[in-house]
Amino acid sequence: MGDRPVIKSAVAAAVSIAIGCSLFAAPAASQSISDRFKSLFGGKPDEPAQKAPFEAPGETDLTCPPVAVRAGASTFAVAPPGKQPLGNDLRYQATITKTARQCTIDAGQITARIGIQGRVIAGPAGAPSSVQVPLRVAVVQAGVGEKTIATKVYQTTVSMSEDSSVPFTLVADDLVYPAPTDGTGDSYIFYIGFDPQALKPEPKPKATKKK
């Protein structure tokens, strides 16, 4: 009889470990964006932007570059057509408040997961009910001759509310680039920023004249 509590405790501990392992092993594709975002960030949603490393298990032999917001691309301000996003002509403005990253390597290819958190604030000109926020993520080899290793554009839709200040989150989890083999990995950096050009439609191909 005296051994039953010990046995129950051992079983409960084994179950807890099994559940924890199954959650850790769940593929990113099966998780919601919120779950993937929380796994990268944790903590409170409105803390100031951070660039501290996020070490993933099994990453001891892999350098995961730090994240920085590209100069000149830290805000995204929009005005009515033909206006400048200043003063009463500002419709809305988006800013980045927090970042995180995680890297994995397989067969010489690094897959990066970049978490971006920000906020959209409505301006005096009035924001629409929903806005498209364009973001670019790039891995760059810094130095005198800066070299872009890989870059990709992402978009997220933000539904505006009456309080005129709405948070947004985005997890870019498919940025893949070759693992550096020449000792240059320490000079790599993830740059993120808003890219308004990504919202512009691609030019239509010119129609060929029929002969």
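The values are calculated or read from the model by the stated rules, or taken from the named source; none is laboratory data. In this text the structure is predicted, and so the values were computed from the model without any measurement. Methodologically, a virtual Cβ is constructed for each residue, glycine included, from the backbone with ideal geometry; neighbour enumeration extends over all protein chains shown. Accessible surface areas use protein heavy atoms only, side chains included; no ligands, DNA or RNA. Shrake-Rupley method; radii C 1.70, N 1.55, O 1.52, S 1.80 Å.
What to note about this one:
- Between residue 151 and residue 97, the simple label model (points 7 Å from Cα in the Cβ direction) yields a spacing of 2.8 nm.
- Using a probe of 1.4 Å on the protein chains alone, the accessible area found for residue 182 is around 110 Å².
- For the stretch 175-188, the Karplus equation 6.51 cos²θ - 1.76 cosθ + 1.60, evaluated at θ = phi - 60°, returns couplings of 8, 10, 8, x, 5, x, 10, 10, x, 9, x, 5, 9, 7 Hz by residue, with Gly and Pro reported as x.
- Phi to ³J(HN,Hα) by Karplus 6.51 cos²θ - 1.76 cosθ + 1.60 over the stretch 143-151, Hz, x for Gly, Pro: x, 4, x, 4, 10, 7, 8, 7, 8
- Carbon/sulfur fraction of accessible area - the stretch 98-180, other protein chains in place, 1.4 Å, %: 49 percent
- Between residue 164 and residue 62, the distance separating the two model label sites (each 7 Å from Cα on the Cα→Cβ line) works out to 4.4 nm.
- Ratio of the Cα radius of gyration of the stretch 57-129 to 2.2 N^0.38 Å, where N counts its residues: 1.61
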